[in-house]
C-alpha cells in the first residue's frame, strides 16, 4: 500500500514538472554481424538528478523499454546496461538501490528480417529523483534503420581497434622470430631436432613429436597471456599506461636485461625448474615433447625475457581479453617454428651458420635497442612524478649517443667481455652500422626543434609555457597540457560550450593524454596538416580533454566513459552546445581519416 501511495504522489508531482526535461535520449545503431544490429540508447540525466537501473532493487520503478513489434525485425535477448550502476542506500525505500547519474547507456540487439529500410519504434519509462523530489519520465523511441549502410562513425571505431589488434599480433610474431637469433635459443635448434630424430626410427612419429613440441611452446607462452587477460580492465589498462610504478618496473627490467646482454652478469631462472622438466623429458614419448617446450622456455629466459616483457607492457594496455592470449600464443608458435621445420626437413639444418661470436653480437645489438626502449618508460615516470628532468632534447640526445655507440660496436671499435676478435668487418655488420649512423643523423635536427615524426610518440613533450597557447590565454593549468600547433582551443569543456554557443559552431572533443603515445604522434602528423588546421579553426570549437593529469584527469575520464562508453585515447567526438552527440568513434588516425571524419560531420550539420 505504501508503494502505491508513493507512486501516485510521484505521478501527481510529475504533472507539475512535465515542462522540464530531466532525461533526454539519443538513439543510434551499428551492424555487429550479418543481419544483427545493436541499438544503443543513451540517456543524459539533468545535473542533480539520477535515474534507476533496469533492476534497481525492491522499491523504485525500474527503467523499462517497450518495442513496437513488426514483421521487419525481432528482438534478440533483453535490454542490457553497458555500464555498472551506482549502488546507494535510499532512505525513502529503506533499501540499497541501483542508479545512474549524469548518463546511462542501454543496448538492445535485434535481428533484421528485411533488406529494406524500416523504423524501430517504442517507448521508455523511467523514474528519476533528486535529493528532494522524484518524477516519472516517459519518452518515445524512434530509430530509423537504412537499407544497407552502417553509420560511418561506428565503422571508424571498429576499424581502429582492429588495426591495433593486428599490429600487436604482428609485433608478437616478429618478437618470436627475433628470439631465434639469440644465443639461448639458436644453439638449442640442432640439439632439440636431434632429440626428435634419434628418439624414433619412424618419420611419422618424429614429425608428430616435433608438432606437439611446436604447439606446446605456444601453449606455454599462451599461459602468460591468460594471466594478463585475467587482470585486464579499464582501470588496470589506465594504471599500466600512466602510473609511475609499473612504468618504473618495466624501465628497470629493460635496463637490467640490457646490462646482462652486455655481459655484466647472467640472468637465469632456478635450476630446479629445468631439472624437473628434464626428468620428464628423459621418459621419452609424445608427452616428453611438452616438457621439452618447458625446458626451452626456462633455459632461454635470459634471452627471451626482454621480448616477453615488452609484449606484457603492450598487451596490458587496452581491454581486449583475447589480445594477450592470442598474442603470446603467436609469439610461442613463431619461436618454435624452426624446430618443427628442421625436424621435417633435417637436410636444411646443415645450411644453418654455426653458433659463434655472431650470436653474441646479435645479443649486444638487442641490448642497445632495449636501452633505447627503456626511455619510453623512464619518461612516463618522470612525467607522472612531475620532475620534468627529461625533455625532448635529453631523450633525443640519449638516442643519438646510443646510435653512435651501436655503429662503433658493429665496426669493431668497441668490444665487450664475451665478444670474439673481429679480423675484418663483414658486409652485414657494415650495413647495420650504416643503419645505426643514419638513425643518429636523422635525430640530430630534433635537437634544434625540428619534428621527428617517426619517433615522436616515444619522446617526452617539450617543456613549454601555456601562456597564449593556441590563441587562448590560460593560467594555473598543468604545464604538460598542450594544444596542437596553430590550433585554437580550450582545455575546459564548459569554456568550449560557452564559445560554441556564442559562435554557433559544433565542438570537436579530443580526449588525449600526456602519456598517450598515439596522441603525441597525431600532434606531430595529422594535426600538422594545413587542411586539418584550417578546417578545425574555421568550422569547430576545439577542446583537448586530458584524462591522465592530476588536476582534471579523473573528471575528464569519467565524462568520456559516461558520455561515450570508452576510455581509450586518442578518441574524437563532436557535440553541439547542448552536449548532444553529433558524431563519435574516431580513434588514432592519419590526416586523411581525420579530415573524412570532420567533413562528414560538417556536412551532416549543414
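The values are calculated or read from the model by the stated rules, or taken from the named source; none is laboratory data. Note that the structure is a prediction, hence the values are computed from the model and not measured. Glycine also receives a Cβ, built like all others from the backbone with ideal geometry; neighbour counts cover every protein chain displayed.
Annotations for the structure displayed:
- In the set 286, 294, 341, 378, only one residue is at pLDDT 80 or above, assigned by TED's automatic domain parsing to the domain that holds residue 195 and surrounded by fewer than 18 Cβ atoms within 10 Å (Cβ to Cβ); that residue is 341.
- Looking only at the stretch 74-112, residues that are under 19 Å from residue 32 (Cβ atoms) and in contact (Cβ under 8 Å) with a residue 60 or more places away in the chain come to 10 in all.
- Residue check, residue 373 assigned by TED's automatic domain parsing to the domain that holds residue 182 and assigned to a helix (DSSP H, G or I): yes
- Filter result for the condition that a residue is under 21 Å from residue 558 (Cα atoms) and touching a helix residue (DSSP H, G or I) at 6+ places or on another chain (Cβ under 9 Å), over 103, 30: 103
- Selection count, the stretch 405-430, where residues are touching a helix residue (DSSP H, G or I) at 6+ places or on another chain (Cβ under 9 Å) and exposed (fewer than 15 other Cβ atoms within 10 Å of the Cβ): 11
- Single match in 533, 552, 574 (criterion: buried (at least 22 other Cβ atoms within 10 Å of the Cβ) and either within 25 Å of residue 381 (Cβ to Cβ) or modelled with pLDDT of 80 or more (or both)): 574
- Condition met for residue 251 (surrounded by fewer than 20 Cβ atoms within 10 Å (Cβ to Cβ), more than 19 Å from residue 324 (Cα to Cα) and modelled with pLDDT of 85 or more): no
- Residue in the stretch 475-493 that is modelled with pLDDT of 85 or more, assigned to a helix (DSSP H, G or I) and touching a strand residue (DSSP E or B) at 6+ places or on another chain (Cβ under 7 Å) present: yes
Here's the yes/no breakdown for (1) at pLDDT 90 or above; (2) closer than 19 Å to residue 44 by Cβ; (3) under 16 Å from the mean Cα position of the chain (by Cα); (4) outside the structural domain of residue 27 (by TED's automatic domain parsing):
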site	(1), (2), (3), (4)
561	no, yes, yes, yes
564	no, yes, no, yes
586	no, no, yes, yes
601	no, no, no, yes
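- Scanning the stretch 431-449 for residues that are modelled with pLDDT under 85 and surrounded by 12 or more Cβ atoms within 10 Å (Cβ to Cβ) gives a single hit, 446.
- Lone qualifier among 355, 310 - being part of a loop (DSSP other than H, G, I, E, B) and either farther than 30 Å from residue 415 by Cα or modelled with pLDDT under 80 (or both): 355
- Filtering the stretch 567-584 to residues that are touching a residue at least 40 places away in the same chain (Cβ under 8 Å) and part of a loop (DSSP other than H, G, I, E, B) leaves 567, 568, 569, 570, 576, 577, 579, 580.
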